[in-house]
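Novice: Have a look at the structure that comes next, please.
The values are calculated or read from the model by the stated rules, or taken from the named source; none is laboratory data. Quantities reported herein were computed from a predicted structural model and do not represent experimental measurements. FYI the Cβ positions are ideal-geometry reconstructions off the backbone, even for glycines, and counts take in every protein chain you see. All accessible areas refer to the heavy atoms of the entire protein, side chains included, with ligands and DNA or RNA removed. Shrake-Rupley method; radii C 1.70, N 1.55, O 1.52, S 1.80 Å.
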Amino acid sequence: MPLRPARHLCYWRTLQPGREFAIRAARHDLTGVIAASAGALALAGLAAALLQPLLLWALLAGVALLGLLALTFAFPVPASVGWLVLAGSTPEMWLGDLAGGGWALIVGVVKLIGLALAGVCVLRYGAAADLFNPGLAFLVMFAASIAHGRHENLDLAESLRSLIGSFAPFAFSFSRLSLPWAGAIIRVTRWLPLILVAAGAALNAAGLRPLFVEDGGWRLGATGHPAFLAGFALAALEACLLELLRDGRRGDLALLGANALILVLTGARAPLFLGAGVGAIAILAIPSAAFGATRRVTLVLAGACLLPVLIAAAGSLGEVRLFNVLSSEAGDLSGRDLIWPYFQDAWEESPWVGWGVGAGKVLVPEETTLARLLGTTAAHNEYLRIGVDGGWLGLLLLIGLFVAWTIRHTRAMPRPDRWLMRLVMLAFAIHSYTDNTLIATTSSVLFAWVSAVFARGSLEAGLPSRDPR
């Protein structure tokens, strides 16, 4: 029976209807006590600010952080969406330019935020035993370097930072997640390139950052570098293809075309060729009841009619970087292969366990002539980089986990989802030969989307490994 109201009792209804708790309240006015307590607290804060200002700011930062974590726990979906857009905007570039540096610090902070969000999702939705998660390979490589020894240019702190950065993109798969979370991440991934172009246009209008950059021809960069935008556009294109095969909506087809156009304007050859390959195979070979043969034939014919127009226009569009390289140096690796011997030699010196996670970052000194000419010390070849970091043990373990991870999570999916996701992972393996696909910011966005697709597939299949909330 419900409790009888009384003058000295207050009631708070809980989230469960029909249950009430009576809490005895004070019979006297506490206004003076509250005011005195607030005044004492203000005086204590003022004394701390005068005597120990650093401690006060640390306490205030701690309180703000706890409040932010509480909000994130209460609203994990909008928090994750906000982080995904932030990561996609590559703040290390536009914010780094405005701040005058701090590129590495900003990248680390963004990945740490993603890792913290994954931890919040674990607390909010529950943990998942993702035994084939590729991130585990980096833990093994780090442990092997502790026993074997690290490269002479690699200290423990740098190796630990590289471990966190390499593990972070895969962290969401250790959470059970939810359908609203997965749906929001998938939706934002599809729209992310357009969001970045709109933000880049705003920065360009404000005179803070150009929308296009000149790099062997004009390339669309939006808020960051064209190569990063190309990675996001490739992920968005693949996400649109998946939704098109699932639902066959015209909006997905239009969004697919917009992302393809952005990919062309970035002038990035490998992502464009892989996107075209994945799109062609998906449209021609992957069956789907929602996206029938009639619509596919119409799309293929439209593409076939557009191709001669693009070829004819290529000669007069030499200022666009893609047409420039296609007409003059389509097979050129842009100097990537010049730096590969450094990595090959280091790998041969420790072929089985490598030199520790992060060794690839410190292998080529920044003051060398080659590094200054290329503008980078990265391998742009993940197989060579992982070979240096973890040797054959790390490379084979990472590849094996990727294969097992993909098969395990796609096994229960409908056929269109299953085959497209496996095709996406194959394209990623090919792309890793000429780009930094695992350490770049693009990996955070790509594998957040992959984790969302895997979670949605498990939830729709009713598997107990995911939480249907």
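Novice: Using a 7 Å offset from Cα along Cα-Cβ at Leu69, what residues in region 149-173 end up with backbone N under 12 Å from the label point?
Specialist: none
Novice: Could you state how much accessible area Met413 has, in square angstrom rounded to the nearest 10, with a 1.4 Å probe and all protein chains kept in place?
Specialist: Approximately 10 Å² for this residue.
Novice: What ³J(HN,Hα) values, in whole Hz, does the Karplus curve 6.51 cos²θ - 1.76 cosθ + 1.60 give for region 404-410 when θ = phi - 60°, with x put for Gly and Pro?
Specialist: Rounded to whole hertz, the list is 5, 4, 5, 5, 4, 7, 9.
Novice: Moving to a separate point now. Multiply the residue separation of Leu131 and Ile407 by 0.36 nm, subtract the distance between their alpha-carbon atoms, and state the gained length in nm to one decimal. Let's see the in-between values first.
Specialist: Details: separation 276, 0.36 × 276 = 99.36 nm, distance 1.25 nm.
The Leu131-Ile407 span can extend by a further 98.1 nm.
Novice: Still on this structure, please answer the following. Fully extended, how many nm does the chain gain between Leu194 and Cys305 (0.36 nm per residue separation, minus their Cα-Cα distance)?
Specialist: Full extension of this stretch gives 37.4 nm more.
Novice: Give the carbon-plus-sulfur fraction of the accessible surface of region 335-469 in %, rounded to a whole number; probe 1.4 Å, heavy atoms of protein chains only.
Specialist: Values: 3480 of 5550 Å².
Ligands and nucleic acids excluded, carbon and sulfur reach 63 percent.
Novice: Next up: Assuming R0 = 35 Å, can you tell me the calculated FRET efficiency for the pair Ile399 and Ala61, based on Cβ-Cβ distance, to the nearest 0.05?
Specialist: It comes out at approximately 0.25.
Novice: Still on this structure: For Ser175, enumerate residues with amide H under 5 Å from its amide H, sequence gap 5+ or separate chain, H modeled in the peptide plane.
Specialist: Close amide H contacts, sequence-distant or interchain: Ala128.
Novice: Could you sort the peptides 431-437, 248-254 by per-residue average Cβ neighbour count (10 Å cutoff), highest mean leading? Please report the intermediate quantities before stating the final value.
Specialist: Values: 431-437: 19.7, 248-254: 14.0.
The peptides rank, most packed first, as 431-437, 248-254.
Novice: How many nm separate the modelled label positions at Thr376 and Asn153, each set 7 Å beyond the Cα in the direction of the Cβ?
Specialist: 1.6 nm
Novice: Taking θ = phi - 60°, what integer Hz values does the Karplus form 6.51 cos²θ - 1.76 cosθ + 1.60 yield along region 340-354, in sequence order, with x for Gly and Pro?
Specialist: 4, x, 4, 6, 5, 5, 5, 5, 5, 6, 9, x, 9, 10, x
Novice: What does the C-alpha gyration tensor say about the overall shape of region 336-412? Classify as rounded when a/c is under 1.5, otherwise prolate if a/b is larger than b/c, or oblate.
Specialist: prolate
Novice: Order Trp392, Trp449 by their accessible area, 1.4 angstrom probe, all chains in place, largest first.
Specialist: Per-residue accessible area, sorted high to low, gives Trp392, Trp449.
Novice: On a full-extension model of 0.36 nm per residue, what is the gain between Tyr433 and Trp392, subtracting their alpha-carbon distance, rounded to one decimal in nm?
Specialist: Between Tyr433 and Trp392, full extension yields an extra 13.2 nm.
Novice: On to the next question. Rounded to the nearest 0.05, what FRET efficiency do Ala290 and Arg422 give with R0 = 22 Å and r taken as the Cβ-Cβ distance? Could you check?
Specialist: Efficiency computed from Cβ-Cβ geometry: 0.70.
Novice: Please report, in debye to the nearest 20, how large the charge dipole of region 76-182 is about its Cα centre when each Lys and Arg carries +1 at its beta carbon and each Asp and Glu carries -1 there.
Specialist: Values: 5 positive and 6 negative charges, 76 e Å.
Around 360 debye, computed over region 76-182.
Novice: Also: What distance in nm separates the two pseudo spin-label positions at Ala280 and Thr298, each 7 Å out from Cα along the beta-carbon direction?
Specialist: 2.3 nm
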